[in-house]
Amino acid sequence: MIDLVRTLVGGFFMGTADLVPGVSGGTIALVLGIYERLVASIKEGSSALGDMVRFRFRDAMEHLKKVEWSLLIPLGIGIGSAVILLASLIDTQLEENPTIMAGVFFGLVIGSIVVAWRILQQPKEWHAFITLGVGIVLFVLLGFGDDGSVSDPGLFAFFVAGSVAICAMILPGISGSLILLILGMYQPVLDAVNERDFTTILVVGAGAILGLALFSQVLKWALDTHHDPVVAALVGLMLGSLRVLWPWPGGVDSPALGAPGDDWVAVSVAGLVGVGLVYVITRVGSARRG
């Protein structure tokens with residue numbers, strides 16, 4: 001029962017992190033000491049889904065038996081509870097205090113960039129800086145975030161957003177909400193949750209399941225065989241995203257570069273709070289591993 005409660009609470013923390021651009025659910029999983037178990041179960045589950053598609057049901061059952069359901073089920077309940085309970089609060093703050101929230105997000109991303117760069121095994125090698133630049137250039141060339149929030153997205157856009165953003169959850173250092181913000185889908189997804197638009201929520205969930213099934217194996221292989229280039233590219237993507245997260249004066253729908261006006265002191269403090277939160281999480285994780 002104690003383990004069950006701990007896992008539920010851990011899932012709630014992960015769900016809270018996934019709601020906030022800049023904080024990675026994968027980082028929280030590392031802090032809680034369940035990251036390796038989580039990734040292993042996701043891999044087995046995705047392998048089972050692939051076997052089912054190919055009608056290899058016996059092999060699928062073997063993979064499903066290796067899934068740690070006692071971890072995944074309460075973790076999923078905790079994550080879902082956080083999303084349902086806290087989405088409205090975060091949405092309200094985005095409407096009422098957009099520059100302050102932007103400052104917090106900006107600080108969280110800065111802190112996450114530092115944490116992610118420290119994951120590199122050889123951070124001073126030239127190839128790390130090259131792929132870092134590739135990530136930044138990719139962000140600019142694709143025009144992520146140029147229009148702020150996507151207006152009136154279709155169900156297919158929600159499906160794609162779910163399939164891409166879910167991959168960030170299993171990567172320490174990059175947030176699923178940050179990916180949604182980069183894609184311009186953060187506010188639409190948040191609105192769907194607040195309005196209890198179950199059709200849209202199911203579509204996002206279906207995209208998330210497909211995303212995990214298709215990309216979890218690839219991501220695990222990429223990190224195992226090309227760890228530093230992959231992480232450096234992700235850091236570059238996060239650096240590029242700071243252009244979107246800069247404390248904008250026009251609110252969520254107008255992420256324009258510029259000074260945060262009369263709120264610059266409060267925004268600066270909010271940014272420092274964001275950096276501090278990432279630092280505390282990292283220190284707690286280091287203490288647990290020690």
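For the condition surrounded by 15 or more Cβ atoms within 10 Å (Cβ to Cβ), at pLDDT below 80 and part of a loop (DSSP other than H, G, I, E, B), residue 31 does not qualify.
Considering only the stretch 255-271, how many residues are at pLDDT 75 or above, under 12 Å from residue 102 (Cα atoms) and of a type outside the set (S, T, N, Q)?
Residues flagged as at pLDDT 75 or above, under 12 Å from residue 102 (Cα atoms) and of a type outside the set (S, T, N, Q) within the stretch 255-271 amount to 6.
Confirm whether residue 178 is of a type outside the set (Phe, Trp, Tyr) and either at pLDDT 70 or above or buried (at least 23 other Cβ atoms within 10 Å of the Cβ) (or both). Against the criterion (of a type outside the set (Phe, Trp, Tyr) and either at pLDDT 70 or above or buried (at least 23 other Cβ atoms within 10 Å of the Cβ) (or both)), residue 178 qualifies.
With respect to the conditions (1) at pLDDT below 70; (2) outside any helix (DSSP H, G or I), residue 141 falls short on a single one, namely (2). Checked across the stretch 222-236, the condition of being of a type outside the set (Ser, Thr, Tyr), at pLDDT below 75 and touching a helix residue (DSSP H, G or I) at 6+ places or on another chain (Cβ under 8 Å) holds for at least one residue.
Assessment of the stretch 5-22 against the conditions (touching a Phe, Trp or Tyr at 6+ places or on another chain (Cβ under 6 Å), modelled with pLDDT under 85 and of a type in the set (A, V, I, L, M)) yields no matching residue.
The number of residues in the stretch 196-229 that are buried (at least 19 other Cβ atoms within 10 Å of the Cβ) and within 16 Å of the chain's Cα centre (by Cα) comes to 7.
The values are calculated or read from the model by the stated rules, or taken from the named source; none is laboratory data. Note that the structure is predicted; figures quoted are calculated from it, not measured. When we count neighbours, we look across all protein chains shown, and the Cβ atoms used for this are built from the backbone with ideal geometry, even at glycine.
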